[in-house]
Amino acid sequence: MIAFSDGNIHDIDHFVRVWNYAKTIAELEQIDSETQCILEVAAITHDIACPLCREKYGNTNGKHQEEEGISLVKAFLSGTGMTEAQIDRVAFLVGHHHTFRDIDCLDWQILLEADYIANATENGYSKENIRNFIQRIMKTESGIRLAQSVFCL
Ligand SMILES: [Fe+2]
């Protein structure tokens, strides 16, 4: 993904940070190793459609990213040794990383929490926005504790 990012430091820094937050939350939540692996791959690749969306649509709108990301990440991961089922799950997560309703799995939940923490630090979200997100969207004890700690809440 670093090579794929073609020197875009912002993109590289972002996914490395999301990966770290996701990995940390997942380890603290003690999720199984298979789910941990899929989540980490999804965290690294979740914004794979950003370069294409900037070129095709002139922005990185969440819905376009989700739609374009599915086929991109499937092609990106083919031949890596991951099974079709694992790649499909990563593609599902990439395709839902801006969807905040009906979140029914821990890997999806953690990816959203990690991406939010990274975005909030990068874009300087207000304390009110962060408190709101913690209250309405965050579910994992570790994600909530991490966010409260990062943002001194
Ligand atoms: Fe992201």
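Just to be sure I understand, how many residues within region 89-108 are open to solvent by 70 Å² or more (accessible area, probe 1.4 Å) and either assigned to a helix (DSSP H, G or I) or within 16 Å of the ligand (Cβ to nearest atom) (or both)?
The total comes to 2.
When region 62-81 is filtered for residues that are surrounded by fewer than 12 Cβ atoms within 10 Å (Cβ to Cβ) and either modelled with pLDDT under 95 or in contact with a His (Cβ under 9 Å, 6 or more places away or on another chain) (or both), only 63 remains. Here's a check for you: in region 109-132, which residue that is in contact (Cβ under 8 Å) with a residue 40 or more places away in the chain and hydrophobic (A, V, I, L, M, F, W, C) is farthest from the ligand (Cβ to nearest atom)? Looking at residues that are in contact (Cβ under 8 Å) with a residue 40 or more places away in the chain and hydrophobic (A, V, I, L, M, F, W, C), I get 110. Annotation: residue 145 fulfils all but one of (1) over 17 Å from the mean Cα position of the chain (by Cα); (2) open to solvent by less than 70 Å² (accessible area, probe 1.4 Å); the unmet one is (2). In the set (1) open to solvent by 50 Å² or more (accessible area, probe 1.4 Å); (2) part of a helix (DSSP H, G or I); (3) farther than 27 Å from residue 67 by Cα, residue 152 fails one condition alone, (2).
The values are calculated or read from the model by the stated rules, or taken from the named source; none is laboratory data. All figures in this text were calculated on a predicted structure; none of them were measured in a lab. Because the Cβ atoms are built from the backbone with ideal geometry, glycine has one as well, and the counts that use them run over all protein chains shown. To get the accessible areas, we keep the full protein, side chains included, count just its heavy atoms, and leave off ligands, DNA and RNA. Shrake-Rupley method; radii C 1.70, N 1.55, O 1.52, S 1.80 Å.
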